[in-house]
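The values are calculated or read from the model by the stated rules, or taken from the named source; none is laboratory data. Quick caveat, the model's predicted, so the values are computed rather than measured. Please note: Cβ atoms are built from the backbone with ideal geometry, for glycine as well, and neighbour counts cover all protein chains shown. To get the accessible areas, we keep the full protein, side chains included, count just its heavy atoms, and leave off ligands, DNA and RNA. Shrake-Rupley method; radii C 1.70, N 1.55, O 1.52, S 1.80 Å.
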Amino acid sequence: MAESWSFLDTFEPNFQPLVVIELAKDTKEETIEWFTKRIVDKKANGGAQLLVRPLVTENGDENIYLVGASNLRLLLGAETVGLVKECNDNSMRTFTYSSRKTFKDFADDNHNFLTMAECQYIIKHELENLRAKDEKMIPGYPQAKLYPGKSIVRRLLTSGILVQIFPLHDREELKKLRHSWYGRVKVGYQPLDEIRCYFGETIALYFGFLEYFTFALIPMAVIGIPYYVFAWEDYDKYVMFATFNLLWSTVILEVWKRICAIMTYRWGTLLMKRQFEEPRPGFHGFLGINPVTGREEPVYSSIKRQIRIYLVSLPFVCLCLYFSLYVMMIYFDLEQWALDYHEENESNFSSLMLFVPSIIYAVVIEIMNRIYRYAAEFLTSWENHRLESSYQNHLILKVLVFNFLNCFASLFYIAFVLFDMKLLRQSLATLLITSQILNQFAESLLPYWLQKRHKKRMKKHMCSLKTDTDLSLVEQVNLEKEMGTYFGTFDDYLELFLQFGYVSLFSCVYPLAAVFAVLNNITEIYSDALKMCRVYKRPFAEPTANIGVWQLAFETMSVISVVTNCILIGMSPQVNALFPDSKMDLVLTVALVE
């Protein structure tokens, strides 16, 4: 491969823009010249060896550049990132340029061997790994310090010089995808293979999991409706439903593992090697030698990182958990006030007031979750994790611990301290429905409305321009650069995780929980598809073999669900009647069932 790099030319007659780089309007010329030179410079000189073209606009005061690459450069990049492709013998192997003829659909004149999403992922990888060598600062900005090993793109972003980097949409392919995905209301599966080709494996796996989870909820919903109708006022007849619940929560996750493995093998990511994961762009340290790969990369003391985690991050998380419990106790005071008010007045208004504390608490929970999320991201970034996977694992752990306590602590308190099944049902229903309404509004409806307004204004502006440039490309870039940024599947998986908790932990006392979850997920599929195609910029594809640490998170919730449902079964009058003399036998039996 080394010989191939040396013969690689940066000239490409048919330039295809793949990625957009937007610099600040007042960026100095020497900075632009230095940065673009590093992008097009040869790999041997520390460059990315890509192609760059300025976007010519009417006023010319915007620093927007289009990045592409020659077909040869992309093929060599595919080998660098370890893409797995299908061979002529139908096996899946890591792509190498030297054996390119053995791969299915490969031809020297076929520029569609790599999908557009894969090409954009390769360019992103190369840009993120542009690192400072001898530079002490960014040219033209003495205050923006550089040191060996520092990510150039990261420094430009934090200095406000680089506004954003995003991949361009393929208008024709997007139009086809929209039509097959959400263009018409239909009962059927999503086009996951097409989603994967356009958005990458990470997003395709999320939609695959959302679809699977929705279908898995249907048996719970079908059983829950008659159970709700015929045993509505009898809160003690939940033993059979709880038994089915604990079996369901375990089985669906095991089946998902198999479905996930089938999909990712077909996509080639199940076999992708992960042992030489590159340092994340935000990681900083002194330039050293990786003892495994022998390559230069930043190094940072693990002792310093552990000190930051255990002496700063951990106490902060504990403080937030204490505050969450304090807010929960205020909620119970409001519940008691509403109950006293209802007993004194006995009116329709007082009956409605019984739901007000739960609604207020649900809104407060959502606000606290979002505020804590920002704090958790700041702390995790400050801990300076070397790998993106490590960063994500620590962030997810922080967020899940807080969200679990914040959302479910009140339900556990009602069930196992107050022993009030009527209040448990009311609180579960209010928290579930309110959180679903707020999430749908905040994540889909509001962004879509704002984007639609902006698009109308931008189209009017572009139609008024008279320019000799490619108006369609200028219009596309100007439209997309103002669209919202999709920050990944974190929030989407978190929403499903909390929903799974509401359904699996206590839905035996509120069987309609699964029904509302199914209805929410059906609208979620269409609203998420809409926001991916119409509201947000196209995200960079990220190859993945599974849903990552979220699998462990869901399995942990499943274990907690088994314990919770077994205790609820043990608390039921029917089971207590079987052990009238010895409570110890009851406890041992419940433990054995668990």
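Of the trypsin sites (Lys or Arg not before Pro) found in the stretch 289-394, those in coil by DSSP whose Cβ has at most 15 other Cβ atoms within 10 Å are ARG295. Entry note, the stretch 280-413: relative contact order of 31 percent, from Cα contacts under 8 Å with a spacing of 6+ residues.
The string of couplings for the stretch 388-393 from the Karplus curve (6.51, -1.76, 1.60, θ = phi - 60°) is 4, 5, 5, 4, 5, 4 Hz, one whole number per residue in order, with x for Gly and Pro. Restriction of the trypsin sites (Lys or Arg not before Pro) in the stretch 73-130 to DSSP coil positions whose beta-carbon has at most 13 other beta-carbons within 10 angstrom yields LYS104. Put one equal scatterer on each alpha carbon of the stretch 19-168, apply the Debye formula with no solvent term, and list log10 I(q)/I(0) at q = 0.10, 0.13 1/Å to two decimals. With one equal scatterer per Cα and no solvent, log10 I(q)/I(0) is -0.41, -0.65. Site-free segments of the chain were taken between chymotrypsin sites (Phe, Trp or Tyr not before Pro) in DSSP loops having at most 12 other Cβ atoms within 10 Å, sites themselves excluded; the longest one is 12-188. Measuring between their Cα centroids, the stretch 365-410 and the stretch 107-170 lie 27 Å from each other. Take the Cα radius of gyration of the stretch 350-389 and divide it by 2.2 N^0.38 Å, N being the number of residues; the result is 1.93.
One decimal place: the segment ASN45-PHE230 gains 59.1 nm when fully extended, by the rule 0.36 nm per residue minus the C-alpha distance. Separation of the stretch 43-104 and the stretch 496-520, taken as the distance between their Cα centroids, equals 45 angstrom. Note down the net charge around SER99, summing +1 for each Lys or Arg and -1 for each Asp or Glu among other residues with Cβ under 11 Å from its Cβ. Residues near SER99 contribute +3 overall. The mean sequence separation of alpha-carbon pairs under 8 Å and at least six residues apart, normalised by the residue count of the chain, gives a relative contact order of 19 percent. Nearest 0.05, what FRET efficiency do PHE487 and ASP109 give at R0 = 41 Å with Cβ-Cβ as r? With a Förster radius of 41 Å, E is 0.60.
In this structure, the residue pairs whose Cα-Cα separation is over 21 Å, taken from LYS43/LYS124; LYS28/LYS124; LYS42/LYS133; LYS101/LYS176; LYS124/LYS150, are LYS28/LYS124; LYS101/LYS176. Its relative contact order, with pairs defined as Cα atoms under 8 Å and 6+ residues apart, puts the stretch 470-594 at 31 percent. The mean accessible area for residues of the chain, using a 1.4 Å probe and ignoring ligands and nucleic acids, is 48 Å² per residue. Against the empirical 2.2 N^0.38 Å (N residues), the stretch 53-120 has a Cα radius of gyration ratio of 1.46. Helix-only arithmetic for the chain: the sum of -39500 (n - 2.57) across DSSP H runs with n ≥ 4, divided by the residue total, places the mean residue ellipticity at 222 nm at -19500 deg cm²/dmol. Relative to its residue count, the chain spans a Cα convex hull of 198 Å³ per residue. Annotation for LEU339 and ILE371: the two label points, set 7 Å from Cα along the Cα-Cβ direction, are 2.8 nm apart. The calculated FRET efficiency for the pair ILE437 and TYR526, based on their C-beta separation and a Förster distance of 22 Å, comes to about 0.85. Per-atom-type breakdown for the stretch 19-168 gives carbon and sulfur 49% of the accessible area (1.4 Å probe, protein chains only).
Our estimate of slack between PHE416 and PHE15, defined as 0.36 nm per intervening residue step minus the Cα-Cα distance, is 137.8 nm.
Between ARG93 and LYS25, what is the label-to-label distance in nm when each label sits 7 Å out along the Cα-to-Cβ direction? So the two model labels end up 5.4 nm from each other.
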